[in-house]
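This report concerns only the one structure given below.
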Amino acid sequence: MEWRIRRGLLIMGLFSAILAFSLALIAVYGAFVQQVEKDVQLTAQTVSVAYDDMDTIYDLSRYATKGLRITLIDPMGSVLYESGEDAEAMLNQAELPEVRSAMDTGVGQSMRPAEKTDENKYYYAIRLRDGNILRVSMASSNMFSLFLKAYSGWAILIISAVVALSVAAATLITRRMVSPLKALASEIDTVDLSHHSGRVYRELLPFFREIQQNRSEKDRMAAERLRMAELWRTYSMDISHELKTPLTSISGYAEIMKDGGVDPDTGKRFSEAIYREAQRMRSIINDVLYQAKMESDVPDTLEEVDMLRQARECADALSFEAASRDVTIDVAGESWLLMADREWIDSIFINLIANAVHYNVVNGLVQVRVYPTFVEVADTGIGIPAADIPHLFERFYRVDKSRSRETGGTGLGLPIVKTIADRYGATVDVESQVGQGTTIRVTFPAAARADGSLRNTSNFT
């Protein structure tokens, strides 16, 4: 970067110097040309005044000098006298611009390159009283030849000085420009740019702020990737651990049965144990696949879901299991509509009611309450210690591990509920006391409600 800035400044400095020098040379040359034209014009006027007193046209030679030519031309264009060449050998001059103009208007002037040299010639012509044309001409070097002749020695010195000064200036300016940028770049991750307006160019502050933001975003993404990798590692280990226990039980029972010598009663008991552990494995796998489906990018199939009706249907589906455990399920509340995927809402109710049944007591009660914007499931079960409540939504977390295995719990029910709630911007709150029961409430945002005829149309108690 520093070299690019120095190179750019050097090129710009040299270009500026060359441009300034060229403009100065053009100005000087223009002044020189004007002076030559004035000299030629003054000489022509002087000679024209003296012409009337001359005894012969050859007296014109007295006014001719080195570099200054005098020519006398008759009205037909023939050369009568030429101070620098043989007049008789010269071609007719009538069509030359300065001669034609002098014949027509009395005076004429022109400039054109010399035929045999790299010089320019300046011509000035005056019509005399006798009708002849007096022409005075002077040769002068062109602009570059004049410069090289007059300043060839100085030119090399000037150019060398300009280059050296340009290099020095470019280096100095580059250092002054880059030094605050280098200082700021070394502390870009921690510096507060709001207090650096005096140390760096204001125009570059937005650029550095964007760098800071991009770095912060990259750091955040890197940290998030590490966090997700750690979560996935933990998740994989948890799944392996959860599957290992039933697999060990199945393998042990199967090995005993394989060797024979098991009486029918024991074989039946082992078969039931194998079946129970296989079902538990299936439940774990199903819950894992279900959660993976929820966390995928597959869009929801949104529809108007009657929350009270859905709660009743899920309660009915679990009524047989509840009856087998001597637990009563009571559903009450108001019918209201939620724009959601019916499958996800089913999962919320099934998991909450199933947990309330599994962790209840004999002759226990599960109360399902449905009101606009929230649903609530309360039980009269064993309750949850306060220390365990913050961990309820962690995958495979169980408060009572022995009871979870007896009931077939996978430790994924409440995490699934939380994932679905997050999907719809809902919150999940837990209240529990050991020995008295647990209440879990899912509150949906008001914007998630759907307008429809079923909203607040009936009460159930």
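Numerical summary
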quantity	calculated
Matching residues, region 33-70, being touching a helix residue (DSSP H, G or I) at 6+ places or on another chain (Cβ under 8 Å), touching a residue at least 24 places away in the same chain (Cβ under 8 Å) and among the β-branched types (Val, Ile, Thr)	Thr43, Val47, Ile70
Selection count where residues are in contact with a Phe, Trp or Tyr (Cβ under 7 Å, 6 or more places away or on another chain) and not in a strand (DSSP E or B), scope region 59-87	2
Residues of region 356-392 classified as surrounded by fewer than 18 Cβ atoms within 10 Å (Cβ to Cβ) and touching a helix residue (DSSP H, G or I) at 6+ places or on another chain (Cβ under 8 Å), total	1
Options Ala125, Ala87: the member that is in the same structural domain as Gln34 (by TED's automatic domain parsing) and at pLDDT 85 or above	Ala125
Residue match in region 434-450 (condition: assigned to a loop (DSSP other than H, G, I, E, B) and modelled with pLDDT under 85)	yes
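The values are calculated or read from the model by the stated rules, or taken from the named source; none is laboratory data. Quick caveat: nothing in here was measured; it's all calculated off a predicted structure. In this analysis, Cβ positions are derived from the backbone assuming ideal geometry, glycine residues included, and neighbour counts consider all displayed protein chains.
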